């Protein structure tokens, strides 16, 4: 309730604009940038990458508690963050110019002072030549973070290759993708997502296996096999949310949950430092 806000002009502006909505936004997300110098290509790849956002979300869920209570969701962070405007899965853009016309209109009408205040789950970064994935919860284990980043890189690389071969992955409407986004946050890996092509529910883990197969050649080409093997570990053993909930069910003690998070944060760091 009394968390201090970093003294910074950007954060001061956000709080002045958003008031209580900003003050309660005590959340931690994982943002991954994948470089694409050609911004026309990048907006097209971003459109197609939206389909995979719920899959990435389900792999990364790590916020089942809020204010010391079990929310019943595997990820509650997005429920807090999406109170802000310009969040969630974006609509598809027909071109780079359409995207630029959008943010320039917002700037011209004093909605925002720069396009960095567009906080979608995936966005074309306004200042870097990157696509920025923003849907994932922050991870307790460094290896989980690295694995998710490697998977996002492989997805972008695959979509780039398809585009250059005049093949595109189907771009689904936001209202459909939002159904899978909700399911991913509610159930994590244990739920079912909608396969829009087959018009049926499919176990989340089965869809993730399909996704890993979809990018398998790109993973090999990038040399990220070891990192992607860790994705399979997450699928076997569960997410950060699953591990937090296991401790809670065993102890009914939030301090024990916090201790678990602290221990996981240190897991792997000794190897990273050596």
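The values are calculated or read from the model by the stated rules, or taken from the named source; none is laboratory data. Fair warning: this is a prediction, and the values are worked out from it, not measured in the lab. When we count neighbours, we look across all protein chains shown, and the Cβ atoms used for this are built from the backbone with ideal geometry, even at glycine.
Could you tell me which residue of segment 123-147 is farthest from the chain's Cα centre (by Cα), considering only residues that are surrounded by 23 or more Cβ atoms within 10 Å (Cβ to Cβ) and within 16 Å of residue 51 (Cα to Cα)? The residue in question is 124. Inclusion of residue 36 among residues that are over 21 Å from residue 117 (Cβ atoms), surrounded by fewer than 24 Cβ atoms within 10 Å (Cβ to Cβ) and touching a strand residue (DSSP E or B) at 6+ places or on another chain (Cβ under 7 Å) is warranted.
Filtering segment 108-141 to residues that are modelled with pLDDT of 95 or more and either in a helix (DSSP H, G or I) or over 25 Å from residue 155 (Cβ atoms) (or both) leaves 108, 109. Being surrounded by 13 or more Cβ atoms within 10 Å (Cβ to Cβ) and either farther than 19 Å from residue 144 by Cβ or in contact (Cβ under 8 Å) with a residue 24 or more places away in the chain (or both) is a description that does not apply to residue 213. Just checking, does segment 22-31 include any residue being surrounded by 16 or more Cβ atoms within 10 Å (Cβ to Cβ) and in contact with a strand residue (DSSP E or B) (Cβ under 9 Å, 6 or more places away or on another chain)? Checked segment 22-31: at least one residue is surrounded by 16 or more Cβ atoms within 10 Å (Cβ to Cβ) and in contact with a strand residue (DSSP E or B) (Cβ under 9 Å, 6 or more places away or on another chain).
If you check residue 163 against the conditions, is it farther than 18 Å from residue 56 by Cα, surrounded by 15 or more Cβ atoms within 10 Å (Cβ to Cβ) and free of Cβ contacts under 8 Å to residues at least 40 places away in the same chain? In short, no.
Mind listing whichever residues of segment 181-204 are more than 17 Å from the chain's Cα centre (by Cα) and in a helix (DSSP H, G or I)? The answer is 190, and nothing else.
Meeting the requirement of 1 or more residues that are under 30 Å from residue 168 (Cβ atoms), the helices (runs of 4 or more DSSP H) wholly within segment 1-87 are 39-49, 53-60, 77-81.
Just to verify a result, which residue in segment 253-274, among those that are more than 14 Å from residue 140 (Cα to Cα) and at pLDDT below 95, is farthest from the chain's Cα centre (by Cα)? Among those residues, the one meeting the criterion is 274. Here residue 237 does not fit the description of being farther than 17 Å from residue 159 by Cα and within 19 Å of the chain's Cα centre (by Cα). Of the set (1) part of a loop (DSSP other than H, G, I, E, B); (2) surrounded by fewer than 16 Cβ atoms within 10 Å (Cβ to Cβ); (3) under 18 Å from the mean Cα position of the chain (by Cα), all apply to residue 175 but (1).
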